[in-house]
Every structure is written in C-alpha cells, then in structure tokens.
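K.L.:
Structure below; questions to follow.
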Amino acid sequence: MIESHDGGWTASAAGLETARHPDGGLLVRALGDREGPVLHYTRAEIDAFVRGVRDGEFDDLAS
C-alpha cells in the first residue's frame, strides 16, 4: 500500500481522503478504505488539472 510521507490523510465531504506523497504528488483513496486502491497523481498532473479548472475546461460538468 502507498503511504503518505507523514501518514496524514485528510477526509473530504466528497467521500475521499487525500495525502501528500514525498515526491510532491497527491494520493487519493476512498474514505475509510485503507486497504483499497490508492491513486497517485504527480505534481505536474495536479498543476495541469488546476489550470484546466481555472481555464473553464470542466465547466460543462457542473451544468
């Protein structure tokens, strides 16, 4: 299982938990499923996602 650098997972209202990876990336898993799959997004992937949100690339998903 992938663990965060400090082992600190933060729960969200969306039913997910997130944690920082030592390489600067982001770890995401289902809330409460400690043995389940963990998605690892690199810093570059997170930056691209945030740019896309700011540029309105996902606005159609909110309507």
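K.L.:
Restricting the first residue to the range 11-31 and requiring it to be farther than 16 Å from A44 by Cα, which pairs with a second residue that is among the polar types (S, T, N, Q) and in a strand (DSSP E or B) meet a Cβ separation below 6 Å and a spacing of at least six or different chains?
P.N.:
T18/T10
K.L.:
Which of the residues belonging to the range 26-42 are assigned to a loop (DSSP other than H, G, I, E, B), surrounded by fewer than 17 Cβ atoms within 10 Å (Cβ to Cβ) and either modelled with pLDDT under 95 or in contact with a strand residue (DSSP E or B) (Cβ under 8 Å, 6 or more places away or on another chain) (or both)? Steps first, answer last, please.
P.N.:
We begin by selecting, within the range 26-42, every residue assigned to a loop (DSSP other than H, G, I, E, B); these are 31-38, 42.
Imposing the further condition that a residue be surrounded by fewer than 17 Cβ atoms within 10 Å (Cβ to Cβ) reduces the set to 31-37, 42.
Within the range 26-42, L31, G32, D33, R34, E35, G36, P37 meet the criteria.
The values are calculated or read from the model by the stated rules, or taken from the named source; none is laboratory data. Computed from a predicted structure; not experimentally measured. No Cβ is skipped: glycine too gets one built from the backbone with ideal geometry, and neighbour counts run over all protein chains shown.
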